[in-house]
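The values are calculated or read from the model by the stated rules, or taken from the named source; none is laboratory data. Being a predicted model, the structure only gives us computed values, none of them experimental. With ideal geometry, Cβ positions are generated from the backbone for all residues, glycine too; neighbour counts draw on all protein chains shown.
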Amino acid sequence: MAKNKFKVFCTPFCPKCNQLLAYLNKRNADYISYDIDKDEDARKDAIRIVGTDDIESLDKLPIVVVNEDKILYGFNKEEIDAYLV
């Protein structure tokens, strides 16, 4: 069975983002992270996913896309663990 692939849209000052990235590293997950403060294309993708350009104030970060079809918001270990099989 192939590993799930994660795209993580985050910012360096977001505590939940940093917790998620540390957790994904610990679990040896296959992921790519995008800093939406520095990467304008990634920010546009995040805006498209969330549906608003006011991403930070919505407490949606981190935004996690699993296998290009499932979207998770925030950091919930149980949700992430469900995809780390």
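When each of F75, F13, F9 is tested for being among the aromatic types (F, W, Y) and without any contact (Cβ under 8 Å) to a residue 40 or more places away in the chain, the lone residue that passes is F13.
You will find that of I55, I49, I80, the residue that is of a type outside the set (D, E, K, R) and at pLDDT 95 or above is I80 and no other.
Inclusion of K3 among residues that are closer than 17 Å to D69 by Cβ and out of contact with any Lys or Arg (no Cβ under 9 Å at 6 or more places or on another chain) is warranted.
Residues checked against (1) surrounded by 15 or more Cβ atoms within 10 Å (Cβ to Cβ); (2) modelled with pLDDT of 95 or more; (3) not in a loop (DSSP other than H, G, I, E, B):
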| residue | (1), (2), (3) |
| --- | --- |
| A2 | no, no, no |
| F9 | yes, yes, yes |
| P12 | no, no, no |
| C17 | yes, yes, yes |
| L20 | yes, yes, yes |
| L24 | yes, yes, yes |
| I32 | no, yes, yes |
| D37 | no, no, no |
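If the condition is being under 13 Å from the mean Cα position of the chain (by Cα) and either surrounded by fewer than 16 Cβ atoms within 10 Å (Cβ to Cβ) or hydrophobic (A, V, I, L, M, F, W, C) (or both), then segment 57-68 contributes D59, L61, I63, V64, V65, V66, N67, E68.
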